[in-house]
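This report refers to the structure that appears directly beneath it.
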Amino acid sequence: MTGLDVVFVLVGLLTAAGAVLTVTSKNLVHAALALAVTLAGIAGVFLVLHADFLALVQLVVYVGAVAVLFLFGLMLTRAPIGREALDSQNRGLALAVSGGLFVVLSTLIVLAFGDVRVDAMTGPGIDVIGIAIFAVWVLPFELLSMLLLAALIGAIVLARREDGESGEEAEVTRIEVGDPPINESDGPPAEVAGDGQAELPAGSGGGGQA
Amino acid sequence: MTVLTSTTALAQAPSILDVGDGVVLPILLKVALVLGLFFVVPLVGGYLEHKVMGRMQNRRGPVEAGPFGSLQLVADGIKFIQKEDIIPRAADKPMFALAPGLALVPALLVFLVIPLGPGVFAVDLELGLFYALAITSISVLGILLGGWASANKFSLIGGLRAGAQLIAYELPLIITAITVAVMAGTLSLVGIVEAQANFTLPGLEGFNLWFVFPQIVGFAIFFVAAMAELSRPPFDMPIGDSELVFGYMTEYTGIKFAMFLLTEYAGMITMSALMVVLFLGGWQILPGVATPGCEGAAGIMSCDPIGIAISVLVTLAKIMGLVFLMVWARVAYPRLREDQLQRISWLVLVPLSLANLAFVTILTVVL
């Protein structure tokens, strides 16, 4: 056991603990934070394995953007403020799916890389990675970027509300310069024509303009 | 299990703190350097802000604590420590306590790669620029969390605004940084400083330029985006006091509030330091001027102690100059509205920085 092995095990344990907390926590925001810890832990694993570029990508994409977007979306929509608890009813299904995935992935990884021994580990330099992506694998890279672009446009189309699709326009009371203060307790709204408010008798209030 | 033998390829140029053969002493010295930078330079920046803002508003700024009021922020720190630590009853206590730390630690970690002079840095990472940007992107977690855990609607709205703002302005910031990296041909911060010392425009050989001159657009984008990233006025909608009391910091008191404040000032220093490195030639005195006492690489590397001292002072002076500009902008401009803020980022800065990147990349390949 070298020092790196110890660090590797510790980071791995932290990542696993974060993952367990993500699914067991009853508070959505706590779960999202535990997810952030898990993702940061994976970055730590990459770092221990000398994949420093990958570790930083993991940090900036998953912790800095994905986890933040999760938290942001939760807070905008359904995060209970303070200490409240929610519970999902899909435990059995989730357990089956994640257990199946775990078995398949670990079998595949052991089969593929089980007998590979790497002794002197140095990650490739950023120049090597850059040439690999933009020279050797440029076509798959461009395909992936097209896919992402399509997903982006799709998200925008889904998020944009077409006319008449989602409910009615809320009635808006527009306040314009020169309107008298609206007093709801007074009788029926008086007709307001142009700038004629000054001629209204005192006390009759003004018009509620829809 | 695979044996991981460590032959790290992370560090590039040696730091002057790599003294002796041991492992422990250099690490201790580097930790001392980073902590010293983190706790002292932001205080100097804060003092500068107090004084400059005061003068610009026809006041004198702090005068009582220490000579010319220079110890005002130290006194403030002592006051913050003594204050009662109030946690709202409805708050999520662990998260509420965790949030300021989560915002503070990334601000501290960025100082790891900031080069102040030839060899005066903790570590020169091959990916230094990317590291700095990646680490700063984590701070927003702490701010979002603080806003939510306070169980206060003003805090929540402030946290949300901060989240939206930081996401929006991260893009132009990173794209502009990429542009500079393309010009320099490296992501190492020390490497970028060296590249600027050797940079000339085609047709003007022998006439050294910093990146700020061909990249004045990039510098402007980076400066605006950096101010927005730090939520500094005029981009301080997340803590807009006329609408949101104090945004995500509303419920924070005492030392936790001080931690948020220190995060802001430290961010101001690190962003200024990044701008100095990316655009203003790092520790070079003037374009094309060799630092006295230095020999290697256009007269900015391999320095004797005097040269190193001059270099560090030059860097710090440039950083403080940028802090002055930020304070000036704060005093001169009113706060933007939330929609104006998002509009500036998505409709102006992002397209502009993308066009800038494409322009520079094509020119770099063609020339």
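Go through segment B:142-157 and count every residue that is open to solvent by 10 Å² or more (accessible area, probe 1.4 Å), hydrophobic (A, V, I, L, M, F, W, C) and in a helix (DSSP H, G or I).
We begin by selecting, within segment B:142-157, every residue open to solvent by 10 Å² or more (accessible area, probe 1.4 Å); these are B:143, B:151-154, B:156-157.
Add one more test, that the residue is hydrophobic (A, V, I, L, M, F, W, C), and what stays is B:143, B:151, B:154, B:156-157.
Now narrow it down to the ones that are in a helix (DSSP H, G or I): B:143, B:154, B:156-157.
Residues meeting the conditions: 4.
Scan segment B:325-349 residue by residue and report those that are of a type in the set (D, E, K, R) and free of Cβ contacts under 8 Å to residues at least 24 places away in the same chain. Working first, answer last.
Going through segment B:325-349, the residues of a type in the set (D, E, K, R) turn out to be B:330, B:335, B:337-339, B:343.
Scanning segment B:325-349 gives B:Asp339, B:Arg343.
Of the numbered conditions (1) crowded, with 24+ Cβ neighbours inside 10 Å; (2) within 10 Å of chain A (Cβ to nearest Cβ); (3) under 18 Å from B:Glu229 (Cβ atoms), B:Ala164 fails exactly one; give the number of that condition.
Against the list (1) crowded, with 24+ Cβ neighbours inside 10 Å; (2) within 10 Å of chain A (Cβ to nearest Cβ); (3) under 18 Å from B:Glu229 (Cβ atoms), B:Ala164 comes up short only on (1).
Of all residues being surrounded by fewer than 22 Cβ atoms within 10 Å (Cβ to Cβ) and more than 8 Å from chain A (Cβ to nearest Cβ) in segment B:106-141, which is farthest from B:Met249 (Cα to Cα)? Just the residue, please.
Checked segment B:106-141; the qualifying residue farthest from B:Met249 (Cα to Cα) is B:Gly119.
What tally of residues in segment B:55-78 results from selecting those that are of a type in the set (D, E, K, R) and either in a helix (DSSP H, G or I) or within 23 Å of B:Met249 (Cβ to Cβ) (or both)? Step through it out loud before you land on a result.
Filtering segment B:55-78 down to residues of a type in the set (D, E, K, R) leaves B:55, B:59-60, B:64, B:76.
Within this subset, residues satisfying the condition of being either in a helix (DSSP H, G or I) or within 23 Å of B:Met249 (Cβ to Cβ) (or both) are B:55, B:76.
Of the residues in segment B:55-78, 2 are of a type in the set (D, E, K, R) and either in a helix (DSSP H, G or I) or within 23 Å of B:Met249 (Cβ to Cβ) (or both).
What is the one condition in (1) modelled with pLDDT of 85 or more; (2) among the aliphatic types (A, V, I, L, M); (3) touching a helix residue (DSSP H, G or I) at 6+ places or on another chain (Cβ under 9 Å) that B:Leu209 does not satisfy?
Tallying (1) modelled with pLDDT of 85 or more; (2) among the aliphatic types (A, V, I, L, M); (3) touching a helix residue (DSSP H, G or I) at 6+ places or on another chain (Cβ under 9 Å), B:Leu209 fails exactly one: (1).
Taking segment B:167-185 only, how many residues are within 8 Å of another protein chain (Cβ to nearest Cβ) and at pLDDT below 85?
1
Sort out which residues of segment B:54-67 are out of contact with any Gly (no Cβ under 9 Å at 6 or more places or on another chain) and either hydrophobic (A, V, I, L, M, F, W, C) or surrounded by 14 or more Cβ atoms within 10 Å (Cβ to Cβ) (or both), and write them in order of number.
Residues satisfying the conditions are B:Met56, B:Ala65, B:Gly66.
Does segment B:79-90 hold any residues that are surrounded by 13 or more Cβ atoms within 10 Å (Cβ to Cβ) and in a helix (DSSP H, G or I), and which are they?
B:Phe80
Take segment A:33-58 and flag every residue that is facing chain B (nearest Cβ under 10 Å), modelled with pLDDT of 85 or more and open to solvent by less than 30 Å² (accessible area, probe 1.4 Å).
Hits for segment A:33-58 are A:Leu33, A:Ala36, A:Ala43, A:Ala55, A:Leu56, A:Gln58.
Determine, yes or no, whether B:Ile239 is within 23 Å of B:Thr179 (Cβ to Cβ) and modelled with pLDDT under 85. Steps first, please.
Working: within 23 Å of B:Thr179 (Cβ to Cβ): no; modelled with pLDDT under 85: yes.
So B:Ile239 fails the test.
For a quick check of your reading of the model, give me the residue pairs whose first member lies in segment A:141-168 and is open to solvent by less than 100 Å² (accessible area, probe 1.4 Å), whose second is in a helix (DSSP H, G or I) and modelled with pLDDT of 85 or more, with beta-carbon atoms closer than 8 Å and at least 6 apart or on different chains.
A:Phe141/A:Ile133; A:Phe141/A:Phe134
The values are calculated or read from the model by the stated rules, or taken from the named source; none is laboratory data. Because the structure is predicted, anything quoted here is derived from the model rather than measured. Using ideal geometry, Cβ is built from the backbone for each residue, glycine included, and neighbour counts are taken over all protein chains shown. Side chains are part of the model used for accessible areas, which takes the heavy atoms of the whole protein and leaves out ligands, DNA and RNA. Shrake-Rupley method; radii C 1.70, N 1.55, O 1.52, S 1.80 Å.
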